[in-house]
Amino acid sequence: MQIVKLHTIDSTNDYLKRESKLGNISKDTLAWAKYQSQGRGQMGTSWQSEKESNLTFSIYRKSRRLSVGNQCYITMAASLAVYDALDKLMLKKISVKWPNDIMSDRKKIAGILIESVIKSNTLDAVIIGIGLNVNQTNFENLPKATSIKEQLGIHFHLEEILQLLISQFHTYARSITSGDFASIKAAYEDRLYRKDKPSTFQRSNGEQFVGIIRGVNTSGQLILEEEDQILNTYNLKELSLLF
């Protein structure tokens, strides 16, 4: 995997998309920026990051014959890679908040944005964007954010954490390539935030209700047990977890 180091960029995901369209990417590529001016999260949200304190990078990877219908396993594998890296650093109470926010001690420490490159109606490549809070300790107007340094009290070299993450990504890339989707799904479900606990959710129309996360289906939809033990499935845009 080639690594491209950038000082300031709008978005590492957008940078890789532009380079791909220009035909400048011939192999798996990681773009690492010291600062993103327009970092993005899920559903059009922005990713705020203190300059040169955190890791903001994206990986461009060819699909290796992965079908469009199996894209959700990339989300699961990427989440597990970040989870495992943080677990190796001995962070406490790590979990994956569906679909791909990484939590530590009930606070968000990392976010993942995955975008597909579709050519001729087939999945040609994926771009996996990662924002990981490493050394930032001041999160103005973000009371539910945390970082590795805030959790462990240790200042880390960013490249050290990046190499750890790359190692974990390679591990799960092999699982994806070999088609070991069942193991990926089982590990992902085991690490879901608030799994098997009554939680309050809000539907897109503002209605609040209580449900229990039971897992995800093979399309990556969230499975909730609701009133009268009825199981319903939801897409990302259909609800949010409140508490």
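Just for the range 186-238: of the residues that are of a type in the set (A, V, I, L, M, F, W, C) and closer than 20 Å to Val82 by Cβ, which one is farthest from the chain's Cα centre (by Cα)?
The residue in question is Ile213.
Is it the case that Gly206 is in a loop (DSSP other than H, G, I, E, B), exposed (fewer than 12 other Cβ atoms within 10 Å of the Cβ) and without any contact (Cβ under 8 Å) to a residue 12 or more places away in the chain?
Yes: the conditions hold for Gly206.
Among Tyr172, Tyr234, which is outside the structural domain of Lys92 (by TED's automatic domain parsing), aromatic (Phe, Trp, Tyr) and under 19 Å from Ile114 (Cβ atoms)?
Answer to the check: Tyr234.
Take the residues in the range 107-119 that are farther than 15 Å from Asn54 by Cα and touching a residue at least 40 places away in the same chain (Cβ under 8 Å), then tell me which one is surrounded by the most Cβ atoms within 10 Å (Cβ to Cβ).
Ranking the candidates gives Leu113 first.
Kindly indicate whether Leu123 is under 14 Å from the mean Cα position of the chain (by Cα) and either surrounded by fewer than 22 Cβ atoms within 10 Å (Cβ to Cβ) or in the same structural domain as Tyr35 (by TED's automatic domain parsing) (or both).
So Leu123 does not fit the description; no.
Going through the range 53-103 one residue at a time, which ones are part of a helix (DSSP H, G or I) and among the hydrophobic types (A, V, I, L, M, F, W, C)?
Val68, Cys72, Ile74, Met76, Ala77, Ala78, Leu80, Ala81, Val82, Ala85, Leu86, listed by residue number.
Name the pairs: first residue in the range 5-22 and assigned by TED's automatic domain parsing to the domain that holds Ala33 and in a helix (DSSP H, G or I), second residue of a type in the set (Lys, Arg) and surrounded by 15 or more Cβ atoms within 10 Å (Cβ to Cβ), Cβ to Cβ under 8 Å, at least 6 apart or on different chains?
The qualifying pairs are Asn13/Arg40.
Yes/no matrix, rows are residues, columns are (1) at positive phi; (2) modelled with pLDDT under 95:
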| residue | (1), (2) |
| --- | --- |
| Asn121 | yes, yes |
| Lys149 | no, no |
| Leu158 | no, no |
| Gln163 | no, no |
| Thr177 | no, yes |
| Ser183 | no, no |
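Out of (1) under 15 Å from the mean Cα position of the chain (by Cα); (2) of a type outside the set (A, V, I, L, M, F, W, C); (3) at negative phi; (4) at pLDDT below 95, what's the single condition that is false for Glu50?
It is condition (1) that Glu50 fails.
The values are calculated or read from the model by the stated rules, or taken from the named source; none is laboratory data. The shown structure was predicted, so the numbers you read here are calculated from the model rather than taken from an experiment. A quick note on method: Cβ atoms are made from the backbone with ideal geometry, for glycine too, and the neighbour counts reach across all protein chains shown.
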